[in-house]
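Since the structure comes first, as structure tokens, the remarks are kept for the end.
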């Protein structure tokens, strides 16, 4: 509104100046000289003066309106971003049907402080007890730049090899994940995902395409954020309704200990050391196995018709 008022005042002032100049041009001198010859250029000058005034007014309007349009575009983008984040949070509240997995052998329980009151029956997912439907506070935690750089370096090695040797498998790499989606999964499981796992999910949030074509870690499926959350709930329900503890189901066989960061296979009841000391170490070994064609935990990478296969 203030811009319109300023524009109106500017136009009025410019018009008044033009009228005054025109009147002065038409006023006779004190001693009128003999009638001058007609001057055809005067009318042309007045046309030019009015054209200049109109140009100034138009330029003022353009300068005033351009910031308003950019502000409107920024506001529209912000509203779209808020709607997108709200849809992601709503999607995380739903349950994706997943195959039932056996519960790990043993694991420490989640502290009582990490649990939240039971979810009303109207909002619970069938067959999932209220104790397994946690609703903690959603907090987006920063990731160590050093860890994120190291994880991205291993993923670039894997991506280069797949693109050159197994392009069909390369096409199944998932899109980047979102930090808030990971934070929601952490709040709904009571677990803090290690930095290297979160950095990997931000690079590739699981895999896409038919299961037989997807990229795997030595035959172990790579799960996205939502699959991890749903599998944790399934394992919690299979354990009798009590949270199963500190294991994060990152794959069809492997799990990451939220406390030690070790990558383990609990269902194998291994008494030896874990498969890898960290998720980053697993990425590094898989990248080396692809580049050098060497086995990793008994399986070797091969390629069939553009697809990565792991064979013993």
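Looking at this structure, is residue 134 more than 20 Å from residue 213 (Cα to Cα) and either at pLDDT below 95 or touching a strand residue (DSSP E or B) at 6+ places or on another chain (Cβ under 7 Å) (or both)? Yes; evaluated as a whole, the condition is true for this residue.
Checking every residue in region 277-298 against the condition of being at pLDDT 95 or above, under 24 Å from residue 135 (Cα atoms) and not in a loop (DSSP other than H, G, I, E, B) gives zero matches.
Considering only residues that are outside any strand (DSSP E or B) and touching a residue at least 60 places away in the same chain (Cβ under 8 Å), look in region 299-312 and name the one that is nearest to residue 217 (Cα to Cα). That would be 306.
Here's the yes/no breakdown for (1) modelled with pLDDT of 95 or more; (2) closer than 17 Å to residue 174 by Cβ; (3) assigned to a helix (DSSP H, G or I); (4) within 27 Å of the chain's Cα centre (by Cα):
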position: 228; (1), (2), (3), (4): yes, yes, yes, yes
position: 233; (1), (2), (3), (4): no, no, yes, yes
position: 240; (1), (2), (3), (4): no, no, no, no
position: 244; (1), (2), (3), (4): no, no, no, no
position: 250; (1), (2), (3), (4): yes, yes, no, yes
position: 271; (1), (2), (3), (4): no, no, no, no
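Counting only helices (runs of 4 or more DSSP H) that sit wholly inside region 119-208, those with at least 1 residues that are closer than 14 Å to residue 226 by Cβ and within 19 Å of the chain's Cα centre (by Cα) are 179-189, 195-203. Out of all the residues in region 223-244, is one or more free of Cβ contacts under 8 Å to residues at least 24 places away in the same chain and in contact with a strand residue (DSSP E or B) (Cβ under 9 Å, 6 or more places away or on another chain)? No; the residues of region 223-244 include none that is free of Cβ contacts under 8 Å to residues at least 24 places away in the same chain and in contact with a strand residue (DSSP E or B) (Cβ under 9 Å, 6 or more places away or on another chain).
Looking at region 124-141, I want the residues that are farther than 10 Å from residue 186 by Cα and have a partner that is at pLDDT 90 or above and not in a loop (DSSP other than H, G, I, E, B) with Cβ atoms under 6 Å, at least 6 apart or on another chain. Which pairs are those? Taking only residues 6 or more apart or on different chains, the pairs are 128/233; 132/233.
Of all residues in region 193-207, none are more than 19 Å from residue 282 (Cβ to Cβ) and in contact with a helix residue (DSSP H, G or I) (Cβ under 9 Å, 6 or more places away or on another chain).
The values are calculated or read from the model by the stated rules, or taken from the named source; none is laboratory data. This one's a predicted model, so the numbers in the text were calculated from it and none came from an experiment. Here Cβ is always computed from backbone atoms with ideal geometry, including for glycine, and neighbour counts include all displayed protein chains.
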